[in-house]
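The structure appears right after this line, and notes come after that.
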Amino acid sequence: MKTLSVALMGSLMIGSIALAHQGVKDPFVKARMHAMGTAGQATKVLGDMAKGSVDYDATQAAEAKAALIQVAQDLPALFQENASDPVSEARPAIWDDYADFSAKADVMAAAAVALDTSSAATIGAGLRALGGSCGGCHKAYRQKK
Ligand code: HEC
């Protein structure tokens, strides 16, 4: 547990409380899946606003953006430990090229920072780059089960 950040410890705790991923035993895997779930939820909130299926809400949009930045910044630490679990979708290649993996997390952080949440239209415009950053990493490092 050498270099675990306070944020990571927080996600570890939240991860153990959350009912999602109940089948996951490994605490590191649980924490990183939980963080990814947070990113998924935040992206959905923004996507729904961009599509107009939910009303634009400046506060919620800003919160979603902040959550995405936080997850992106936490990603390298969350995956520092080469932890595995039968339920995990992480490819071992992450730990063969951890620098590249971390660089892909930086791309997500930059896209999240650049996201302009001032209207549904600007969110929609920014989501393209954000979504690309998710896909860029998943394609290389996530094996869907
Ligand atoms: C730097 C790499 C990286 C980036 C960037 C990234 N992901 Fe992931 N994501 C992963 C990996 C690796 C997994 C599989 C983790 C595991 O199962 O141990 C994953 C899993 C997930 C999951 C499944 C979580 C679960 O409960 O099993 C969701 C949802 C997800 N990502 C959403 C996103 C979204 C949305 C974005 C962009 C906003 C994003 N991710 C960006 C690497 C990344």
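The values are calculated or read from the model by the stated rules, or taken from the named source; none is laboratory data. In this text the structure is predicted, and so the values were computed from the model without any measurement. Here the Cβ is made from the backbone with ideal geometry for all residues, glycine too, and neighbour counts use every protein chain on show. Note: accessible area is taken over every heavy atom of the protein model, side chains too, but ligands, DNA and RNA are not part of it. Shrake-Rupley method; radii C 1.70, N 1.55, O 1.52, S 1.80 Å.
Structure above, values below:
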item: Which listed residue is modelled with pLDDT of 95 or more and within 8 Å of the ligand (Cβ to nearest atom), from Ala112, Ala61, Ala35, Ala99; result: Ala112
item: Subset of the stretch 72-113 (residues that are assigned to a helix (DSSP H, G or I), among the polar types (S, T, N, Q) and open to solvent by 30 Å² or more (accessible area, probe 1.4 Å)); result: Gln73
item: Evaluation of Ser119 against (1) within 11 Å of the ligand (Cβ to nearest atom); (2) open to solvent by less than 50 Å² (accessible area, probe 1.4 Å); (3) farther than 25 Å from Gly23 by Cα (one fails), failing number; result: (1)
item: Residue check, Val71 more than 15 Å from the chain's Cα centre (by Cα) and either within 30 Å of Tyr56 (Cα to Cα) or within 10 Å of the ligand (Cβ to nearest atom) (or both); result: no
item: Test result for Gly47, over 19 Å from Gln143 (Cα atoms), under 18 Å from the mean Cα position of the chain (by Cα) and open to solvent by less than 50 Å² (accessible area, probe 1.4 Å); result: yes
item: Subset of the stretch 122-145 (residues that are surrounded by fewer than 18 Cβ atoms within 10 Å (Cβ to Cβ) and in contact with an Asp or Glu (Cβ under 7 Å, 6 or more places away or on another chain)); result: Thr122, Arg142, Gln143, Lys144, Lys145
item: Index of the failed condition, Gly10 passing every other in (1) assigned to a helix (DSSP H, G or I); (2) at pLDDT below 95; (3) surrounded by 18 or more Cβ atoms within 10 Å (Cβ to Cβ); result: (3)
item: Criterion (at negative phi and near the ligand (Cβ under 10 Å from one of its atoms)) met by exactly one of Gly124, Gly136; result: Gly136
